[in-house]
1. Can you confirm whether K79 is part of a loop (DSSP other than H, G, I, E, B), free of Cβ contacts under 8 Å to residues at least 60 places away in the same chain and of a type in the set (K, R)?
2. Considering each residue of segment 121-149, count those that are assigned to a loop (DSSP other than H, G, I, E, B) and more than 16 Å from N16 (Cβ to Cβ), and give that number.
3. Regarding A74, is this residue over 21 Å from G30 (Cβ atoms), surrounded by fewer than 17 Cβ atoms within 10 Å (Cβ to Cβ) and at pLDDT 95 or above?
4. Just for segment 43-97: of the residues that are out of contact with any helix residue (DSSP H, G or I) (no Cβ under 7 Å at 6 or more places or on another chain) and of a type in the set (S, T, N, Q), which one is farthest from K146 (Cα to Cα)?
5. Restricting to segment 92-120, what's the tally of residues that are under 24 Å from S41 (Cβ atoms) and either assigned to a loop (DSSP other than H, G, I, E, B) or in contact with a strand residue (DSSP E or B) (Cβ under 8 Å, 6 or more places away or on another chain) (or both)?
6. Of the residues L31, L39, which is at pLDDT 95 or above, of a type outside the set (K, R), part of a loop (DSSP other than H, G, I, E, B) and more than 11 Å from the chain's Cα centre (by Cα)?
7. Need pairs with beta-carbon distance below 8 Å; first residue touching a residue at least 40 places away in the same chain (Cβ under 8 Å) and within segment 30-46, second surrounded by fewer than 23 Cβ atoms within 10 Å (Cβ to Cβ) and part of a helix (DSSP H, G or I); sequence gap 6+ or separate chains.
8. What is the residue count in segment 59-76 for residues that are more than 25 Å from G44 (Cα to Cα) and assigned to a helix (DSSP H, G or I)?
Amino acid sequence: MTRSEKAKAYFQKGYNCAQSVALAFADLCGLPEDRLVRLASGFGGGMGRLREVCGAFSGAVLVYGLLGGYDDPAARQEKKELYAAIQDMAEQFRAENGALTCRELLGGTPDSSPTPEKRTAAYYQKRPCADLAASAAGILERTLQKNGW
């Protein structure tokens, strides 16, 4: 199973979009899965269902930061390289999906109340989120490979 397929499957199991992408790379992250899931949990629904930056993309950024990020606040070159990689991933995500914000990806101004929708067959049928998680995971995988991971 590819990482894209894993991300899609995790979403279909009930994980949010960010968690789904993070879990698809759990074997590389060096964290217990339960901690990784908690770390990614607030990014679902465009950050707490605010419908801002797509949670699937945020999950990819989270994983990239864990693997290729910097920890020295004075690391200017490393910061530049990290930001360049994330900007490149964002452009790829926009090119594949048409937008980077959850609101746009869901077709307008959907409900942003903090109460998540019940996961039903109809929910999965109307939401592009499983496919967006697959897209973000694919972009992340290609970016990691390109940068030596």
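The values are calculated or read from the model by the stated rules, or taken from the named source; none is laboratory data. If you're wondering where the values come from, they're calculated on a predicted model, not measured in any experiment. Methodologically, a virtual Cβ is constructed for each residue, glycine included, from the backbone with ideal geometry; neighbour enumeration extends over all protein chains shown.
1. The answer is no for K79.
2. So the count comes out to 3.
3. Yes; evaluated as a whole, the condition is true for this residue.
4. Here the residue is Q77.
5. Qualifying residue count, segment 92-120: 17.
6. L31
7. Close Cβ pairs satisfying both conditions: G46/R103.
8. 1
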